[in-house]
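Chemist: Got a structure here, written out as structure tokens. Questions coming.
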Amino acid sequence: MKIIRNLLVLPLCFILLAGCARNTTQRETISLNGIWKIADGGKDVIPASFDRTITVPGLVTLAKPAFINPAPPVPDRFAIDKNLELFYHQKDSLRDTYWYHRIIKIDRDIPEIALLKVGKAMFGNPRISESNLHW
């Protein structure tokens with residue numbers, strides 16, 4: 001009985017694994033590193049203009065022309081290291097957030113599913129304006 005059961009399981013596993021065969025096409029990656037436009041402002045309203053540029057990846061302090069006080073000093077760095085609640089409640093008195101903007105053109109077919117990977121974004125999550133996506 002055990003042999004017959006194993007003989008039935010083996011073809012079933014083969015059929016299942018054959019259906020899971022990976023697509024052999026190469027994944028295409030488009031780097032978005034480079035020169036972007038940047039503006040500061042509120043969290044809920046996209047700025048009307050982006051008059052500064054910045055190299056991505058890079059620090060906000062490297063924007064051209066420079067922002068006024070782009071990275072306000074933290075009063076007590078050691079207190080923040082000991083209490084994460086203080087870290088998450090830091091407030092910049094001049095702005096709520098920085099907005100990055102870049103237009104890209106893709107001159108090839110875009111697959112049905114395209115993934116956007118944002119690496120090492122320290123504060124906040126990316127927002128993509130779908131009104132600016134053209135297929």
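Chemist: Find how much the distance from Leu59 to Arg27 grows on full extension, using 0.36 nm per residue of separation minus their present alpha carbon separation; answer in nm with one decimal. Walk me through the intermediate numbers first.
Modeler: Numbers: separation 32, 0.36 × 32 = 11.52 nm, distance 2.93 nm.
Answer, rounded to one decimal: 8.6 nm.
Chemist: If you don't mind, another one. Which aspartates and glutamates does Lys64 reach when only Cα atoms under 17 Å apart count, and residues fewer than 8 places away in its own chain are ignored?
Modeler: Once the sequence-local aspartates and glutamates are set aside, what remains near Lys64 is Asp40, Asp51.
Chemist: Would you list, by chain and number, the aspartates and glutamates whose Cα falls below 18 Å from the Cα of Lys117, excluding same-chain residues fewer than 8 positions away?
Modeler: Result set, ordered by chain and number: Glu28, Glu130.
Chemist: Ile46 versus Lys105, label points 7 Å from Cα toward the beta carbon: distance in nm?
Modeler: Result: 1.9 nm between the two label points.
Read-outs: derived from the displayed coordinates by stated rules, not from any lab. All values derive from a computational prediction rather than experimental measurement. Quick reminder, even Gly has a Cβ in these numbers, built from the backbone with ideal geometry, and neighbours come from all protein chains shown.
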